[in-house]
Amino acid sequence: MQERARTWLIGAVLIVIGVLVGYALPQNSVSPKSEVGKIMSVHGSIGSAGAGIEFKTKGVTGLVHYALEDPTPWQAKPNGAWHQSGQPSCLVPDSKTPVKVTLGVISVHAVGSAPGNPMIVWIECYASTS
């Protein structure tokens, strides 16, 4: 009977330790922030050196520069297919016409010598109403 109680006690202590360790470990999940605004200019195409966009959104003074990484998933119309490669239809290099889009943006923190910057994780070539 005493051995059985000790087994239950050890099991309970291990569960409590597991819960505490799991709670204390850092969480590494990412949720992109939807940014609705206008792309004012496009430099290069996805995958080329120095490719990027100048983006204007409400509440931000001036333009925000984002690099264009390959691959960046993009969608041409609501409920349309998601494209996993290629240049988004709304990103026309050297275009002078602002294009309204929705961007999924995450903040990447610097680690060691790797730089930290905001990063586009998806592009909707239309402005979302949500």
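The table below lists the values:
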read-out: Members of the stretch 21-40 found to be closer than 23 Å to Lys96 by Cβ and in contact with a Phe, Trp or Tyr (Cβ under 9 Å, 6 or more places away or on another chain), listed by number; value: Glu35, Gly37, Lys38, Ile39, Met40
read-out: Residue in the stretch 78-86 that is assigned to a loop (DSSP other than H, G, I, E, B), farther than 30 Å from His109 by Cβ, modelled with pLDDT under 90 and hydrophobic (A, V, I, L, M, F, W, C) present; value: no
read-out: Spans of strands (runs of 3 or more DSSP E) in the stretch 12-72 with at least 2 residues touching a residue at least 60 places away in the same chain (Cβ under 8 Å) and surrounded by 14 or more Cβ atoms within 10 Å (Cβ to Cβ); value: 33-43
read-out: Test result for Thr102, assigned to a strand (DSSP E or B) and of a type in the set (S, T, N, Q); value: yes
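The values are calculated or read from the model by the stated rules, or taken from the named source; none is laboratory data. Just so it is clear, the structure is predicted and the values come from calculations on it, not from any experiment. Every residue, glycine among them, receives a Cβ derived from its backbone with ideal geometry; neighbour counts consider all protein chains shown.
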